[in-house]
Ligand code: MN
């Protein structure tokens with residue numbers, strides 16, 4: 001299990017202790033446990049997680065990608081999130097017009113994703129940024145893109161705190177994204 005880089009109640013009131021106890025403590029733990037069981041004795045047993053995601057399918061892919069996606073998601077959140085600045089702010093302005101326009105587009109992509117999945121900000125090999133919807137365990141690295149941040153819109157991410165109000169959860173989630181960490185992930 002990756003370490004949660006803050007206390008279970010550190011993101012309250014936007015994400016409750018109970019949500020983190022279930023989302024990190026039970027959902028992510030289950031993906032990790034399932035993955036470890038599924039890869040035991042296979043070619044994937046000692047493979048780095050990213051490589052498993054790129055080479056597998058079915059249950060191994062689902063549990064590997066969900067392990068990676070959740071680790072990445074939780075590491076992007078912070079009780080003291082940095083504002084968007086520097087290179088990232090420049091790219092966002094260039095590719096979306098403004099930070100406000102970007103936030104609206106990301107929120108719309110997250111709210112409009114049918115069923116379970118993830119709304120991603122990703123970077124291509126030329127440094128262009130785009131918003132990508134992925135269902136279920138999907139991850140833009142499968143398309144050759146560099147993931148920069150994501151919003152988990154599986155119901156388990158918000159149902160304890162927000163019930164069916166996905167849009168309210170997305171707004172709260174964006175308030176605890178550490179844009180400094182997102183900027184560190186720029187590769188191009
Ligand atoms: Mn989740």
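Miscellaneous remarks
- If the condition is being in contact with a strand residue (DSSP E or B) (Cβ under 8 Å, 6 or more places away or on another chain) and within 12 Å of the ligand (Cβ to nearest atom), then segment 158-188 contributes only 173.
- Number of the exception - residue 1 against (1) touching a helix residue (DSSP H, G or I) at 6+ places or on another chain (Cβ under 7 Å); (2) surrounded by fewer than 13 Cβ atoms within 10 Å (Cβ to Cβ); (3) part of a helix (DSSP H, G or I): (3)
- Restricting attention to segment 34-73, the residues being at negative phi, more than 15 Å from the ligand (Cβ to nearest atom) and either modelled with pLDDT under 95 or assigned to a helix (DSSP H, G or I) (or both) number 14.
- Every pair of residues 6+ apart whose Cβ atoms lie under 8 Å, when the first sits in segment 137-164 and is within 19 Å of residue 182 (Cα to Cα) while the second is near the ligand (Cβ under 10 Å from one of its atoms) and part of a loop (DSSP other than H, G, I, E, B): 153/116
- Screening residue 126 against (1) more than 13 Å from the ligand (Cβ to nearest atom); (2) assigned to a strand (DSSP E or B) leaves a single unmet condition, (2).
- Selection from segment 91-106 of residues that are crowded, with 19+ Cβ neighbours inside 10 Å and in contact with a helix residue (DSSP H, G or I) (Cβ under 8 Å, 6 or more places away or on another chain): 92, 96, 102, 106
- Where a residue in segment 10-23 is in a loop (DSSP other than H, G, I, E, B) and its partner, wherever it lies, is within 15 Å of the ligand (Cβ to nearest atom) and at pLDDT below 95, with Cβ under 7 Å and at least six apart: none
The values are calculated or read from the model by the stated rules, or taken from the named source; none is laboratory data. Because the structure is predicted, anything quoted here is derived from the model rather than measured. So basically every Cβ, Gly included, is an ideal-geometry build from the backbone, and we count neighbours across all protein chains shown.
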